[in-house]
Structures are given as structure tokens and as C-alpha cells.
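The structure appears below as C-alpha cells.
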Amino acid sequence: MWIWQQPDWPTFGFDASRLAAAVAEYRRRAAQLAGGVAGLAADDRQEALVDLLVSEAIKTSAIEGEQLDRVSVRSSIKAHIGLAPKETASRDPRADGIAALMVSVREHVTRPLGSTLLGTWQTMVIPDRPSHRIERGTYRHGDAPMLIVSGYIGKQHLHYEAPPSSRVPQEMARFLDWYNATAPSGNQAPLPGPVRAGIAHLWFESIHPFDDGNGRVGRAIADHAIAQDLGYPPLSCLATCIEADKKTYYALFERTQRAALQVDDWLGWFVGTVLKSQDIARAQVDLVVEKTRWFDRFREQLNERQFKAAARMFAAGPAGFEGGMTAGKYMGITGCSKATATRDLVALVQMGALTGLPGGGRSTRYALAQASS
């Protein structure tokens, strides 16, 4: 029996007292982060926003197995947010679509959710492919069951079966009524943002209303719920945090959708993930500050190749440039010879811009030095 076949569906049960401490800590960290960002220079605030949106766009797509080019996503984020001309948006419809979704969620924080807006979001993330017809912008229909399976044909594992298409309109109407009623401005007692986001994400994914794109739209709904709770679009990294624990995410989904409507385990993990996402966002903001200081200190000493390589290292995010910078990677980024790469890297170390990393075998590895050191 799937969760939507339970007789009391969709009356989700949970112990709010078990979530209270995490919710309170989330709000404290969110306020602290917002205060820190407000103290940044305008350019740094914009860069932090762009970096976080790029990370979220890439990671929410990666959860679905779709790998996007960071430069393409970044160009579209800047175009959609108004920091670059519209014509500079990526020509990759996948990169441009997910960028448009990230920005649209932020622009509609105060707006109730409706089927039209959700259909628009789904259309953004599912490019029109004449050779592969998928319904875009409308709920799924037809008699074929909506199955989530994995494995090879003949050895497939059924993870979930969603309600039949005939039930989707009424299921979505009930979901949207609840979602808008439990918003801070709704006509019911509002739920804490992370709790409402967790229930909304689970409920929407259980209905699975679209032919494709449900995961990305469902995580956008969670972001929307959290933003409505705070009253402003947060600097958050929910998809980035989920992608880092993707196995647990999918395992809990499957277990919860095969069980009764008591969803404490799911909400405990989800609210904890929302809390962790604030720390990831804070690390990203700190990196933007460090990047500004680093370039302020070293910019005048860098040649064009060194500048390009350093920018690529910072673009890797708080986790750092994987494996460190090597002469081989430097050559690939800048297109220079090995001798030039070695000479440039030694110069960066001598000026204090890079520091050597231990190990690395035959290739010396480097990391960015602290600007304040």
C-alpha cells in the first residue's frame, strides 16, 4: 500500500516537539546570515547571491542525474536576475531553464502557489524536444501508470507508483489549498517554514503531477515555503545540501511513501538538512568575502593567466578546488605550456597567493592562500 492509498491520506502526522529545537536554531542561523550579508558591500552581496543560485541550480539538476556547465548556468543566472543583458544568457536550454526557475522562485515569494505557476516552473526545466514528447506546463494524463523504477529492463526495481492521472487534478487542488492556507498570510495556523517545506515536498512528490521535472519543481516549492516563512528570499543551499546526502534523501522518500502517514523520520531529516544548508550558505558568503580580499591584495601582481586560474579555483566553492591546482590543470585552464605553467605557479607561491599542499605524488599541488595571512 502506497502512502496515497492510506485511508487517512493526506493527513500527515508528526511530533512537533521533536522538531522545535532544530527549527529555532534554523531561524537563529538564518537571521545571523541575513545580518552578515546586509553588512557586505553591494557588489559582494550580488556576487554571493549569484554564487549561491549557481550552486543550487547545478546541484538540483545533479540530483536528477543532469550535469550542467557552471559557466553556462552562471551567465543565465546573471541575465535573469538583471545583472547582465538578456542576450548573454546561455544557449543551453537546460542551463537557462534551471536558472530561470531559481530566479522565478525568488520573484514569487509573496505569491500563493497555483497550477499555472507550477506549470510555468515545470516548463522552464523541461526543454521542448520534438523527438521526445513530454507534456509541458500541464498535469500528466492518460492511462499509463506513473512508475519510478531503476535497473535494467527485466531486472527493474519499483521504487514508487504515483496516483493515477485521473486523480491528479483533485489531489493537486487539495495540496495547493493546504499549502496556501498554512502560509504566514494564510487562513490557518502557519507551520514553521522548514516543517511546511518538508511536508510540501513530500506531498508534491507523492502526487508526482507532471510527466517529468517533479524533483526540481518539488525542491523549488520547498525553497518557496522557507522564503515565505522568513519573509524574504534567503541565501540558502538546500539542494546543495540534499545532493551531498542524496542516498539518504531517496531512501527516506521510498521508505516514507511505503509507510503510514506518520512522517517524523522524514521531517527530522529534512529539517536537519535545512539547518545544515544555512551553514553551507554561510561558508559560501565567507568565500565571497575572502575572494574580494584575495584579489584586492594580489590583483596588481597577477598576469592574465594567473587571474583566470585563481578565478576558476574560487569558482569551485567552499569545498575548494578538488585535488588542488597542478601544472597540468593550470595548462588546461589557461592553454599555456608546461614551462609557463610552472613559472606562473612558482610566482604565485612567492607572492603569497598560493600555498603548497602535502603529498600529490609526481605533481606539486597548490591551494589558495588566506588573503589575511
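Any read-out appearing in this document is the output of simple, stated calculations on the displayed coordinates, not a laboratory observation. Remember, it's a predicted structure, so these values are computed and weren't measured experimentally. Backbone-built Cβ (ideal geometry, glycine too); neighbour counts: all protein chains shown.
Among residues other than Val263 with Cβ under 15 Å from its Cβ, the summed charge is -2 (Lys and Arg +1, Asp and Glu -1). Restricting attention to the chain, close to 90% of DSSP beta bridges with both partner residues there are antiparallel.
Apply the a/c threshold of 1.5 to the C-alpha gyration tensor of segment 302-368 and tell me whether it is rounded, prolate or oblate. Here segment 302-368 falls in the rounded category.
Under a 5 Å amide H cut-off, with hydrogens placed 1.01 Å from N, Leu357 pairs with Arg365, Tyr366, Ala367 among residues at least 5 apart or on other chains. Computing FRET efficiency as 1/(1 + (r/R0)^6) for Asp15 and Ala173, where r is the C-beta to C-beta distance and R0 is 25 Å, gives about 0.30. Only lysine pairs 8 or more places apart, or on different chains, with alpha-carbon atoms under 24 angstrom apart are counted in the chain, and they number 21. Along the axis of the charge dipole computed for the chain (Cβ charges of +1 for Lys and Arg, -1 for Asp and Glu, origin at the Cα centre), the listed residues Cys241, Ala283, Tyr330 are led at the positive end by Tyr330.
Its Cα centre serving as origin, the chain has a Cβ charge dipole (Lys and Arg +1, Asp and Glu -1) of approximately 1000 debye. Rounded to the nearest 10 degrees, what's the angle between the helix 246-257 long axis and the longest principal axis of the chain, both from Cα atoms, 0 to 90? The angle comes out near 0 degrees.
Remark: relative contact order (the chain) = 19 percent; criterion is Cα-Cα distance under 8 angstrom and separation of 6 or more residues. Each Lys and Arg contributes +1 and each Asp and Glu -1, all at the Cβ; summed about the Cα centre of segment 302-368, the dipole is approximately 160 debye. Spin-label point model (7 Å from Cα, Cβ direction): what's the His159 to Arg293 distance in nm? Label-label distance for His159 and Arg293, simple model: 4.2 nm. Listed values for segment 201-218 are Karplus-derived 3J(HN,Hα) couplings in whole Hz (6.51 cos²θ - 1.76 cosθ + 1.60, θ = phi - 60°), namely 5, 5, 5, 4, 5, 5, 6, 6, x, 9, 4, 7, x, 4, x, 5, 5, x, and x replaces Gly and Pro. Relative to the dominant Cα principal axis of the chain, helix 70-81 is inclined by about 70°. What the phi angles of segment 89-106 give under the Karplus curve with 6.51, -1.76 and 1.60, with θ = phi - 60°, is a coupling list of 4, 4, 8, 6, x, 6, 5, 5, x, 5, 5, 4, 5, 4, 6, 4, 4, 5 Hz, glycine and proline written as x. Computed packing ranks the peptides 141-152, 345-356 as 345-356, 141-152, most packed first, by mean other Cβ atoms within 10 Å. The simple spin-label model puts a point 7 Å past each Cα toward its Cβ; for Arg343 and Ser166 those points are separated by 7.6 nm.
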